[in-house]
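Here is the structure we will look at, set down as structure tokens.
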Amino acid sequence: MGKYFGTDGFRGEANVVLTVEHAFKVGRYLGWYYGQEHKAKIVIGKDTRRSSYMFEYALASGLTASGANAYLLHVTTTPSVSYVARTEDFDCGIMISASHNPFYDNGIKIINGKGHKIEAEIEEKIEKYIDGETGELPLARKENIGRTIDYAAGRNRYIGYLISLATRSFEDKRVGLDCSNGSAFAIAKSVYDALGAKTYVINCEPDGTNINTNCGSTHIEVLQKFVREKKLDVGFAFDGDADRCIAVDENGEVIDGDLILYICGKYLKENARLSGNTIVTTIMSNLGLYKACDKAGIKYEKTAVGDKYVYENMVKNDFCIGGEQSGHIIFSKHATTGDGILTSLMLMEVMLEKKMSLAKLAEPVKIYPQLLQNVRVLNKKTARENPEVIKAVNAVAEALGDDGRILVRESGTEPVIRVMVEAVTDELCAKYVAQVVETIRSEGLAVE
């Protein structure tokens with residue numbers, strides 16, 4: 001990770017950590033970098049945060065000042081920016097979003113012309129420019145100054161692409177959608193309505209400050225209650241920029257990213273479409289997923305946390321499905337990044353093709369109780385490498401043996417250490433998490 005760019009872009013509180021000056025400089029550098037041999041074309045999307053408009057204009061100003069043309073998708077999803085960037089000859093794409101974070105945070109995600117997250121070396125060059133280490137860049141003059149172009153048509157083409165991926169009609173299926181008052185509000189219902197579903201939508205009235213607030217994939221209990229009350233066949237919840245999907249079955253039970261990987265991976269295996277007979281997971285995936293995969297004869301890879309690392313593994317080994325427990329699922333045949341709406345469509349395909357409910361499809365996976373606690377710390381590296389903390393973690397790992405595990409890692413976006421324990425009971429999870437957290441605090445490493 002760099003000084004500004006973490007595992008998922010440049011993220012922080014708007015006008016505190018991430019300012020319009022930062023955004024302008026990001027635009028200035030990208031416009032210059034891609035425009036050295038031709039007139040650069042860069043597409044911009046944004047979510048529904050109040051500050052997204054501010055950053056959109058700052059980025060566009062920087063891009064056009066460097067001579068690039070900025071194409072504005074307006075409110076759209078992160079995967080749509082990836083799709084447009086890779087299919088319509090753009091030098092790169094920019095998504096303005098802090099994903100599942102609160103409304104007052106925002107972020108700048110940069111996507112290259114192949115639809116992947118931007119290379120780390122380019123992020124490093126942007127950081128050096130922001131800090132004034134590379135000198136000033138030339139400004140475009142006269143007819144070379146760039147312009148902004150309304151490009152809502154690009155978002156509409158993405159909607160058409162999603163609709164084209166469905167293998168059959170969703171007629172008579174009662175589907176709930178929680179749009180998190182975010183980017184999905186402009187896309188998800190259109191897709192499901194076009195495919196014939198009886199669509200029931202909640203949290204689809206963004207006002208700039210209600211994105212992710214008690215809704216969406218991070219507050220799945222809202223959709224659970226809605227599915228039960230309306231007696232729906234299935235529900236799908238997205239996060240702020242709709243690159244995640246968490247599902248809810250007909251009984252109102254949560255189907256998280258691990259269960260989605262199992263359901264879709266097993267389906268692909270049964271149809272001889274699971275390349276390498278392997279799914280790609282992260283170290284945060286539940287032990288229950290791996291035990292179910294072993295029984296089903298499905299192999300798995302484990303990467304560091306972050307869909308960036310999942311996708312790198314998939315590309316390197318030519319695997320077709322991977323993702324995170326949080327609902328970032330990548331289907332490499334169709335996309336180069338996590339796509340919440342696409343994930344929901346793939347789950348619908350399995351349900352319809354196998355004529356089975358989501359609850360029945362997930363039944364073979366027995367999820368182990370898991371507890372994750374975040375501890376704010378003064379220094380992530382110091383806390384993680386503290387000898388007493390290491391000793392406490394090793395003691396828990398030894399006590400758990402093969403019936404659980406402990407994982408302690410640094411957050412990629414916050415000054416936080418994440419302590420996660422899986423065990424056969426909730427009580428054991430709480431006991432062992434508390435032991436490690438107490439050690440962090442007793443060593444004076446935590447910010448109270």
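Laboratory data are not the source of any read-out in this text; all were calculated from the coordinates shown. Bear in mind that the values here come from a model prediction, so they are computed numbers and not experimental data. Every residue, glycine among them, receives a Cβ derived from its backbone with ideal geometry; neighbour counts consider all protein chains shown.
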Condition check: of a type outside the set (S, T, N, Q), farther than 26 Å from residue 312 by Cβ, surrounded by fewer than 19 Cβ atoms within 10 Å (Cβ to Cβ) and in contact (Cβ under 8 Å) with a residue 24 or more places away in the chain. Does residue 139 satisfy that? yes
Out of 271, 251, 212, I need the residue that is in contact with a helix residue (DSSP H, G or I) (Cβ under 7 Å, 6 or more places away or on another chain) and surrounded by fewer than 23 Cβ atoms within 10 Å (Cβ to Cβ). Which one? 251
Give the stretch 57-79 a look and list any residue that's under 15 Å from residue 42 (Cβ atoms) and assigned to a helix (DSSP H, G or I), or say none. 57, 58, 59, 60, 61, 62, 63, 64, 65
Filter the stretch 364-409 for residues that are within 30 Å of the chain's Cα centre (by Cα) and polar (S, T, N, Q); the one that is surrounded by the most Cβ atoms within 10 Å (Cβ to Cβ) is 370
Search result, residues across the stretch 166-189 that are over 22 Å from residue 225 (Cα atoms) and buried (at least 17 other Cβ atoms within 10 Å of the Cβ): 166, 170, 183, 186, 187
Test residue 290 against the criterion of being surrounded by fewer than 22 Cβ atoms within 10 Å (Cβ to Cβ), hydroxyl-bearing (Ser, Thr, Tyr), touching a Ser or Thr at 6+ places or on another chain (Cβ under 9 Å) and at negative phi, and give yes or no. yes
Residues that are assigned to a strand (DSSP E or B), within 30 Å of the chain's Cα centre (by Cα) and closer than 30 Å to residue 99 by Cα: does the stretch 422-444 have at least one? yes
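Enumerate the strands (runs of 3 or more DSSP E) found wholly within the stretch 220-325, keeping only those where 2 or more residues are within 16 Å of the chain's Cα centre (by Cα) and of a type outside the set (D, E, K, R).
Passing ranges, in order: 234-238, 245-248, 278-282, 321-323.
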Give the residues of the stretch 224-245 that are crowded, with 24+ Cβ neighbours inside 10 Å, of a type in the set (D, E, K, R) and over 17 Å from residue 264 (Cβ atoms), sorted by residue number. 239, 241
Residues being hydrophobic (A, V, I, L, M, F, W, C) and in a loop (DSSP other than H, G, I, E, B) - total across the stretch 137-159: 4
Is it the case, given these coordinates, that residue 164 is in contact (Cβ under 8 Å) with a residue 12 or more places away in the chain, farther than 21 Å from residue 94 by Cα and assigned to a helix (DSSP H, G or I)? no
